[in-house]
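Colleague: What follows is a structure written as structure tokens; I'll ask about it next.
Bear in mind these aren't lab numbers, they're just calculated from the coordinates by the rules spelled out. Note that this is a predicted model, so its numbers are computed, not measured. Here the Cβ positions follow ideal geometry from the backbone for every residue, glycine too, while neighbour counts run over all protein chains shown.
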Amino acid sequence: MLENLLIHLMHLFEVLLCGGYNQLDDINCGPPYNGFANVRMTVLGGQRNSAARAFLLPIAGIGNCSNFNIMASREVILSAGGYGSPQILQRSGFGKAADLNACNITQLNDLPVGLNLSDHVVAV
């Protein structure tokens with residue numbers, strides 16, 4: 001099945017090239033943003049899988065892991081990726097009032113958090 005998928009993907013790439021689209025070496029490397037690339041991701045059972053689910057949860061119960069509580073004395077930059085960062089901001093009260101109210105979250109700041117978020121995955 002994977003071999004068939006790769007063949008279809010190669011044909012799709014050929015069609016996109018003939019249509020004038022740019023093939024990007026790395027979709028995360030910056031401009032030009034218009035184009036297509038082979039995107040690497042973790043998949044389990046045909047569904048996207050987070051790094052935590054793929055690598056941390058399977059070893060969580062083996063007993064040689066340690067948990068740490070760290071307190072910050074200054075600002076902290078928190079990044080959780082394209083999906084997780086908007087979720088953290090919204091759960092913290094940053095976002096559109098209607099979205100936050102629907103989840104019983106008190107709005108702290110009216111910001112367009114996650115409004116441009118879209119999935120650009122093509123399935124063959």
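Colleague: How would you rank L57, L24, going from fewest to most other Cβ atoms within 10 Å of each one's own Cβ? Walk me through the numbers before you get to the answer.
Modeller: On the way: L57 11, L24 18.
Least crowded to most crowded, the residues run L57, L24.
Colleague: Fewest first, what order do F36, F68 take by the number of other Cβ atoms within 10 Å? The partial results should precede the final answer.
Modeller: Numbers: F36 17, F68 4.
So the ranking, lowest neighbour count to highest, is F68, F36.
Colleague: List D25, D99, D110 from most exposed to least, where exposure is judged by having the fewest other Cβ atoms within 10 Å.
Modeller: Values: D25 8, D99 14, D110 11.
Starting with the residue having the fewest Cβ neighbours, the order is D25, D110, D99.
Colleague: Stick to the Cα atoms of the chain, pair each with every other, and give me the Kirkwood hydrodynamic radius in Å at one decimal. Before the final figure, lay out each step's value.
Modeller: Numbers: mean 1/r = 0.0535 Å⁻¹.
Across the chain, the inverse of the average 1/r is 18.7 Å.
Colleague: Another one. Starting from the Cα-Cα distance between L108 and Q47, subtract it from 0.36 nm times their residue separation and give me the gain in nm to one decimal. Could the numbers behind the result be given before it?
Modeller: On the way: separation 61, 0.36 × 61 = 21.96 nm, distance 3.39 nm.
Taking 0.36 nm per residue and subtracting the Cα distance, the gain is 18.6 nm.
Colleague: Where does the chain land at 222 nm, in deg cm²/dmol rounded to the nearest 500, when only DSSP H runs of n ≥ 4 count, each adding -39500 (n - 2.57), divided by all residues?
Modeller: Values: 3 runs with 34 residues, N = 124.
Value at 222 nm, helices only: -8500 deg cm²/dmol.
Colleague: Okay, moving on. So between I70 and E3, what do we pick up on full extension, going 0.36 nm a residue minus the alpha carbon distance?
Modeller: Working: separation 67, 0.36 × 67 = 24.12 nm, distance 4.65 nm.
Taking I70 through E3 to full extension adds about 19.5 nm, to one decimal.
Colleague: Which angle between 0 and 90 degrees, to the nearest 10, do you get for helix 81-91 versus the longest principal axis of the chain when only C-alpha atoms count?
Modeller: Once rounded, one gets 30 degrees.
Colleague: Which ³J(HN,Hα) values, rounded to whole Hz and listed in residue order, are derived for segment 100-115 from phi using the Karplus coefficients 6.51, -1.76 and 1.60 in 6.51 cos²θ - 1.76 cosθ + 1.60 with θ = phi - 60°, glycine and proline given as x?
Modeller: 5, 4, 4, 10, 6, 10, 6, 6, 9, 7, 7, 10, x, 5, x, 5
Colleague: Out of residues 5 or more away from L111 or on other chains, whose amide H comes under 5 Å of its own, with H placed 1.01 Å from N in the peptide plane?
Modeller: Sorted by chain and number, the residues that satisfy this are G95, K96.
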